[in-house]
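Data block below; observations after.
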Amino acid sequence: MTDCTRRKFLADGVSCAAHLALAAHLAPEAVRALWAQATGNGVVASEPFGRLEQVAEGVWALISTPLSGDRTTLCNGGLIAGRSGVLAVEGFMTPEGARWLAGKSRELTGRWPTHAVITHYHADHSNGVAGYRDGDRSPTTYATAATRATALEKNLPVDDARREALSVVTMPDESGATTIDLGGRTVRLVTRRGHTASDVTLELEDPSVVFTGDLVWNAMFPNYVDAMPTELAKATRALRRARTTTYVPGHGPVATDADVGRYLAMLGEVEGAARAAHARGTPAAEAGAAFTLSPSLGEWALFNKVFFERAFAAWYRELGGGDARQP
Ligand SMILES: [Zn+2]
């Protein structure tokens, strides 16, 4: 993406994965391969921007593959079907992305989505939500009050269709979990925080599946732009289950429990380095530039060191004092 000048990059800053376009020509082949790896799940549709994988009966994960440079969807999402309804996860970067997933819902289940959930305000998860509207069909869309307000306030470009789509959002109970009955299938929307001030996870008991939003990234170093680091690790530990579970992360391939463990170990390594640098009084930019992840943590797609700096800046915000400027 040669148009990704620094200015454009900054303008896209609210998109937690805007940097992925930059990764397309910088990421090593090994990382590309990791990103694109099949998980053994049945792939029911494949496009340059992503693939739809069946992860359980009536549950599909849309795994975006943005290293292709195609940002139609950009983040992950999916479909959860019951006897009387279908829930679409995320609003995606573009209305075309949401519309594509809605079309797949009709092909796979016979239904246009009846419900949609936006996990947090970042543009790549919310900007395309108007794509679920098709004539008089429009799913009941769920997001927290904070997500709705922040999406309307910060996300660019201003889009009247998105504004209208978000104006009818139904708020989940901010005090805990909201339950959606799709007919023989119950989805819990759990309000959490850590990647942003307001995140939502979608949780199924049987089969055991968790759509984590951006609280979990798999094989991709997360964007800390709005992160509250201690809350992020706490929320990840809270959504992790003791039994065998399929985790659909916000970015990267479908994750196992081992992948979530590796992610937590990575967050811990960032924490240790950030705390040490903060104690020494090293500026976040300098500490981020010097930081590398241990090889034992495996491959993590990172194409631009500014994301390490952002992680350190987030820690410095939490620890107080020092240089907490946003890169
Ligand atoms: Zn995000």
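Values in this text are rule-based calculations from the coordinates and carry no lab data. Just so it is clear, the structure is predicted and the values come from calculations on it, not from any experiment. Reconstructed Cβ throughout: ideal geometry from the backbone, glycine too, with neighbour counts over all protein chains shown.
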Assign one of three labels to segment 149-298, namely rounded, prolate or oblate, based on the Cα gyration tensor with a ≥ b ≥ c the square roots of its eigenvalues; rounded applies when a/c is under 1.5, prolate when it is not and a/b is larger than b/c, and oblate otherwise. oblate
One quarter of the C-alpha convex hull surface, i.e. the mean projected area of segment 6-319 in nm², amounts to 15.0
Tell me which trypsin sites (Lys or Arg not before Pro) from segment 50-128 have a DSSP coil assignment and no more than 11 other beta carbons within 10 Å of their own. Arg83
